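Step one of this worksheet: look at the structure below.
Bear in mind that the values in this text are calculations on the coordinates, not laboratory data. Nothing here was measured: the structure is a model prediction, and the numbers come from that model. Positions of Cβ are generated from backbone atoms using ideal geometry, with glycine treated the same way; all protein chains shown enter the neighbour counts.
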Amino acid sequence: MALKTIKIFSVLLILNFQYNYAQTTYYVDDIIGKDSNTGTDKAAPFKSIDKLNQLNLKPNDSILFRRGGQWIGNFVPKGSGAKNKRIVIGAYGSGPAPVLDAQGVIANNENVSYTIRLFNQEYIEIRDLKITNYAISEEPRVYPLKENVTYVYAAKMGIYIEGRDCGTLHDIQLINLEICEVNGDMSTKDNGGVFVEITRNKDVSKQVKSNFDGLYVEGCYIHNVDRTGWSNRSVWDRRSLTSNWGDKLANGRTHNWYPNENVVFRNNKFEKAGANALIVRVANAPLVEHCVFTHNGIKGSGNASFPFNCDDALFQYNEASYTYYNNEADSWDHKPDVDAGGFDSDWNCKNTIIQYNYSHHNGHGGILICNDGASKTGFNDGTIIRYNIFESNNHHIVRNSGPTTNTHIYNNVFFAGEEHKNVQLIYHKSWNGFPKSTTYTNNIFYSLGEGNWFDLGKSTNNVFKSNTFYGDIKEEPEDSEKSKKNPLFKSALPSKANWKSYLRFLLKDESPEIDQGIKIEGHPMKDFLGNPIIGNPDRGAFEN
C-alpha cells in the first residue's frame with residue numbers, strides 16, 4: 001500500500017524519450033556490433049565496453065545500448081556535457097533494458113569495483129539501463145555466519161560518482177534505472193547501488209573546495225544491494241550549529257562545510273538494501289518525495305532513509321515500511337540493530353522537515369530524531385515532524401535520542417493496534433545526553449495494545465498541547481488542552497481489513513477532533529491529502 005501520489009515501480013517504466021540535438025550518437029550492440037565499426041549507425045554499431053571507454057565524448061553526444069543486450073566490464077565514459085547539452089547514456093530499440101554488470105571486477109589503479117564510473121564530470125544523464133555488480137566468486141552469504149570463517153567482500157557500486165578538487169560540478173541525472181544485485185561490503189555505508197563523493201588531494205596546496213550542484217534521481221528502482229541503496233559523502237563537511245566558514249571548532253578543526261545543492265530524489269523505489277536505503281549527506285535543502293522504501297535493513301542495522309549534516313532537508317509524500325529489525329548479535333556487522341525505523345532526522349542537521357509521509361510496520365520505530373552528545377560539534381536543531389501517519393511500528397513510534405533541540409512534532413497520527421503491546425509511543429532516550437525543548441501539538445495518539453506508554457527519560461522542556469490520547473495508555477503526559485475521546489477514524493481496524501492503508505485514518509464527520517487543533521506559526525496550508533486548512537486545524541493528519 002502506498003500514498004495516492006506515489007508510483008510503485010514493481011517493474012521499471014519504459015519511457016519514450018527523444019534524444020534531441022545529439023551531436024554524435026554511438027550505438028552499441030553485443031550481437032552484431034564490431035569495435036572496428038564507426039558506431040554511429042544502428043547497422044554498424046560498436047560491440048564492447050572497452051571501445052566505449054576510448055571515446056572522448058562532447059556536449060550533446062549519446063551512447064545508446066541495444067535493449068535486450070548484456071555487457072560485462074567497468075564502463076568509464078570520458079568527457080562532460082554543457083548546460084542544456086547533456087551527454088546521454090541510454091538505450092535504443094525495444095525489449096528489456098540493457099544490462100551492464102561489472103561482476104565484481106576492480107579496474108586497474110582502483111580500490112573498489114564499479115559498473116559505471118564518473119570522475120570530475122558534469123552535465124551527464126544516465127537512463128533506461130539495468131545495472132548490476134555481482135561477484136559470483138565471493139561466497140554467498142549464508143545466514144547465520146559460520147564460525148571461524150573470515151568473510152571478505154570487496155566494496156562495490158553500481159554507479160560511482162566522484163568529484164575531486166573540481167569546484168562545482170553540475171547536473172548529474174539518473175533516470176529510470178534499475179540498479180540491483182550488488183553484493184558489496186557490509187562493513188561500510190560507502191558502497192552499494194549508487195555512491196557519490198567529494199574527495200581532495202592530500203597536498204593542501206592543490207585542494208579546491210568542491211561540491212555538486214544538481215544530483216537528480218528519478219524513476220529508479222534500487223534493490224538487493226549492499227550496503228546502501230544510494231549514499232554520498234564529502235570531505236568538506238565540518239561545522240557546528242552556529243559556526244561559519246573558517247571558524248575554529250570546539251574539536252580543534254576548522255569549519256569548511258560546503259554543501260551540495262539541488263539534490264533531488266523523486267518517484268524512486270528502494271527495496272531490500274542490506275542496511276540503509278537512502279543516506280543524503282552534506283546538502284543544502286535536499287528534496288526526497290514520492291519515494292517508496294520497503295523491506296530494507298535485511299542484513300545490518302539501518303533506518304530506511306535519512307539526511308545527515310544537512311540544512312533544510314525536506315522528506316515528503318514517501319512511504320517507509322517493513323524495515324527489518326534483528327535483535328541478535330549475529331547480524332552482518334556482528335551487533336544487534338539499533339536503527340530499524342522508517343525515517344530519521346540524523347545529527348548535524350538543521351531545520352529538517354518530514355511531512356506527509358506514511359511510516360508503517362517497521363521493526364524498530366516509525367521515526368528517529370538524534371544527535372550524539374559525545375561530539376563536541378554535534379547538533380540536531382529545529383526538526384519538524386508534521387502531517388504524517390505512523391502505523392503499527394514495533395518497539396516505539398517516535399524516538400528522540402541525544403541532545404536534540406527545538407523539535408516540533410504536530411498534526412500526526414500515531415497508531416498502535418491491539419497486536420502492538422508495550423510499545424513506547426514516545427521514547428526520549430540518552431545518547432550521551434537527553435533531548436531538550438520538544439513540542440507535541442495537535443497529534444492523535446491512538447493506542448489499543450496493552451501497556452503502551454510514554455518514556456520521556458530525563459529530557460527537559462517538553463511541551464504537550466492540544467493532543468488526543470485515546471485507548472490503553474499508561475501515564476500519559478500533562479496536556480492542558482488534551483482530549484481522551486475516540487477520534488472516530490473512518491476505520492481503526494488493522495490494515496489487512498477492507499480499508500486500505502492511511503485512508504483509514506480520515507476523520508468521520510462527527511469526529512470530536514474537527515477544528516480542535518491550535519494554530520501554529522509556520523503551519524502549512526494543506527493537510528496530508530492536499531486539502532486546504534482554514535481556521536483552526538483538525539487534530540491528526542487530515543482536515544475533514
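Here are a few things to note about the model shown:
- Highest mean first, the peptides 169-177, 79-87 sorted by other C-beta atoms within 10 Å per residue fall in the order 169-177, 79-87.
- Secondary-structure-derived ellipticity at 222 nm for the chain, considering helices only, amounts to 0 deg cm²/dmol, per-run term -39500 (n - 2.57) for DSSP H runs with n ≥ 4.
- Spin-label pair residue 137-residue 472: with each label point 7 Å from Cα along the Cα-Cβ axis, the two points sit 5.7 nm from one another.
- The simple spin-label model puts a point 7 Å past each Cα toward its Cβ; for residue 463 and residue 32 those points are separated by 7.1 nm.
- Partners for residue 58 among lysines (Cα-Cα distance below 19 Å; same-chain residues under 8 apart left out): 78, 83, 85
- Calculated Rg and Dmax of the chain using C-alpha coordinates, Å: 24.4, 80
- When peptides 153-163, 127-137, 456-466 are ranked by their average number of other Cβ atoms within 10 Å per residue, the highest-first order is 153-163, 127-137, 456-466.
- Short-range pairs are left out: with C-alpha atoms under 8 Å and at least six residues apart, the relative contact order of the chain is 7 percent.
- Modelled spin labels at residue 262 and residue 508, positioned 7 Å past Cα toward Cβ, are 5.1 nm from each other.
- Summarising the strand pairing of segment 382-544, around 5 percent of its internal DSSP beta bridges are antiparallel.
- Vicinal HN-Hα couplings computed from phi for segment 246-259 (Karplus, 6.51 cos²θ - 1.76 cosθ + 1.60; Hz; Gly/Pro x): x, 5, 6, 9, 5, 8, x, 8, 10, 4, 9, 5, 10, x
- Beta bridges per DSSP with both ends in the chain, % antiparallel, nearest 5: 5
- Pairs over the 18 Å Cα-Cα cut-off, from the set 458/484; 189/299; 421/474: 458/484.
- Between residue 418 and residue 534, the FRET efficiency estimated from the beta carbon spacing at R0 = 41 angstrom works out to 0.70.
- Taking the average, over residues, of other Cβ atoms within 10 Å as the packing measure, peptides 260-267, 235-242 rank 260-267, 235-242 from highest down.
- Across segment 382-544, C-alpha contacts under 8 Å between residues 6 or more apart give a mean separation that, scaled by the residue count, equals a relative contact order of 19 percent.
- Other-chain or far-sequence residues with amide H under 5 Å of residue 89's (modelled H): 63, 125, 126, 127
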